[in-house]
Structure formats: structure tokens, C-alpha cells
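Heads up, the thing below is written out as C-alpha cells.
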Amino acid sequence: MFSRRSALVSVLVIVSVFMNSLLNYLTQLADLPIFMDSMFTVLGTALLGPWWGMVIGVSTNLLMDALQGFSGILWPFAAAQIVTVLVTHIMIRRNALKTVLGVTLFICILAVLNALAGTVIAVFAFGGFTLKRFDFIVHALIQSGQSIFSSAFVTRVVINIVDKGIAVLVLMALFPKLRQYLKPGGEEQ
């Protein structure tokens with residue numbers, strides 16, 4: 001029999017995976033050059049802790065890959081979701097949401113480390129191109145004399161500052177209200 005906490009965790013995990021996938025799909029449909037695939041990974045990690053955050057992040061990428069016909073392009077980026085989880089967990093434990101400087105550092109660290117993880121995957125698994133809207137920017141930077149790695153990285157940093165910035169700001173707005181149901185460690189209050 002499920003406890004109140006188990007039921008809330010189950011619902012939050014399922015809804016988070018669905019919403020991450022839906023937001024990513026909607027940004028693709030609108031032809032926007034952002035990901036929006038980790039907002040609920042950030043929120044789930046803050047509320048439930050890193051293990052559940054990893055379940056949300058990895059499951060999101062597996063579901064998105066399945067919905068795209070198992071193209072094999074999205075599931076490797078589950079590693080970037082894990083980076084998102086680890087940074088989020090550390091920043092929440094350090095109370096980064098309490099100050100403007102903390103939030104700014106949270107966004108910047110998350111954006112840079114996520115971009116680095118995504119770049120390593122994109123360059124070594126796919127030659128720097130992942131069939132995303134922003135590939136034309138990567139291509140233009142390469143044509144201007146930049147390396148594939150730096151082109152993919154610079155593009156992803158800019159995108160991730162917006163993408164992860166939105167996720168952290170949403171977390172900042174919702175976290176105080178939602179943590180009344182679950183503490184960051186997952187215990188009932």
C-alpha cells in the first residue's frame with residue numbers, strides 16, 4: 001500500500017517526465033532554438049533529491065528518444081540531465097535560491113556545465129551536429145574558423161543560459177510553495 005509520500009513521489013516523477021518531454025516537443029514545434037527538457041528535472045531534484053532527479057532526467061531523454069522513433073540522438077544526452085541533477089542538488093543544499101548572487105551563480109554554473117556535457121556528447125557522438133534548430137549557428141561558427149568543439153560549446157552556453165535560467169527562475173518561484181508537501185530529502189513534514 002502506498003503512503004502519502006510514495007503517492008506524491010510517483011505522481012511528481014511521472015508528471016515531471018511528461019512535462020519535460022512536452023515542453024521540449026512544444027519548443028521544437030515552435031521552432032525555438034532552446035531545449036526546455038529539464039525544467040521539471042530541476043524541480044524534481046529540488047523536491048525529491050538527486051536519485052529521483054536522475055530517474056526523471058534519464059527517463060525524460062529515453063521517452064523523448066522513443067517518441068522520435070528511437071533515433072538514438074536524444075538518449076545520450078541523459079548524461080547532461082545527470083549534470084543538471086548534480087548541480088541542482090548542490091546548489092539547493094547551499095541555499096542558492098536565497099540571494100540574487102546565489103541564483104545567478106546557479107544559472108551560470110548549470111548553463112556552463114550542462115553546455116560542456118552536451119558539447120562532449122554532440123561532438124564525439126554526432127560530429128557536433130544534432131539536428132536541432134541551432135545547428136546553423138554551430139555551422140556558421142565552424143565556417144568562421146572556430147573548432148567544432150568551441151562552436152558547439154559557445155552555442156550551447158548561450159542557449160543554456162536562457163534555458164536553464166528559465167528552469168531556475170521557475171524553481172525559485174515554486175520551490176517555497178511546493179516544499180511544504182515534500183522536504184528536499186523526501187521526508188514528510
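The values are calculated or read from the model by the stated rules, or taken from the named source; none is laboratory data. The structure presented is a predicted model; accordingly, all values stated were derived computationally and were not measured. Cβ placement follows ideal geometry from the backbone for every residue including glycine, while neighbour counts extend to all protein chains displayed.
On the stretch given as the range 36-56, residues that are touching a His at 6+ places or on another chain (Cβ under 7 Å) and farther than 21 Å from R4 by Cβ total 1. Could you check the range 98-155 and list, in sequence order, the residues that are touching a helix residue (DSSP H, G or I) at 6+ places or on another chain (Cβ under 9 Å) and charged (D, E, K, R)? Once the filter is applied, which keeps residues that are touching a helix residue (DSSP H, G or I) at 6+ places or on another chain (Cβ under 9 Å) and charged (D, E, K, R), the range 98-155 yields K132, R133, D135. Among the residues of the range 36-58, some residue qualifies, meaning at least one is touching an Asp or Glu at 6+ places or on another chain (Cβ under 7 Å) and in contact (Cβ under 8 Å) with a residue 40 or more places away in the chain.
Here R133 passes the criteria (1) among the charged types (D, E, K, R); (2) more than 19 Å from the chain's Cα centre (by Cα); (3) not in a helix (DSSP H, G or I) except the one numbered (2). Give the range 28-51 a look and list any residue that's more than 14 Å from the chain's Cα centre (by Cα) and of a type outside the set (D, E), or say none. Result: Q28, L29, A30, L32, P33, L47, L48, G49, W51. All conditions but one from (1) modelled with pLDDT of 90 or more; (2) buried (at least 17 other Cβ atoms within 10 Å of the Cβ) apply to V123; the one that does not is (1). Residues in the range 81-104: is at least one under 13 Å from the mean Cα position of the chain (by Cα) and over 15 Å from G44 (Cα atoms)? Scanning the range 81-104 turns up no residue that is under 13 Å from the mean Cα position of the chain (by Cα) and over 15 Å from G44 (Cα atoms).
Take the conditions (1) crowded, with 18+ Cβ neighbours inside 10 Å; (2) touching a residue at least 24 places away in the same chain (Cβ under 8 Å); D65 misses just one of them, which is (2). Is the range 62-71 home to any residue that is of a type in the set (D, E, K, R), closer than 22 Å to L26 by Cβ, at pLDDT 90 or above and part of a helix (DSSP H, G or I)? Among the residues of the range 62-71, at least one is of a type in the set (D, E, K, R), closer than 22 Å to L26 by Cβ, at pLDDT 90 or above and part of a helix (DSSP H, G or I), which makes the answer yes.
For the range 138-154, a tally of residues being at positive phi and not in a loop (DSSP other than H, G, I, E, B) returns 0. The one condition from (1) within 11 Å of the chain's Cα centre (by Cα); (2) outside any helix (DSSP H, G or I); (3) more than 27 Å from S6 (Cα to Cα) that A115 does not meet is (2).
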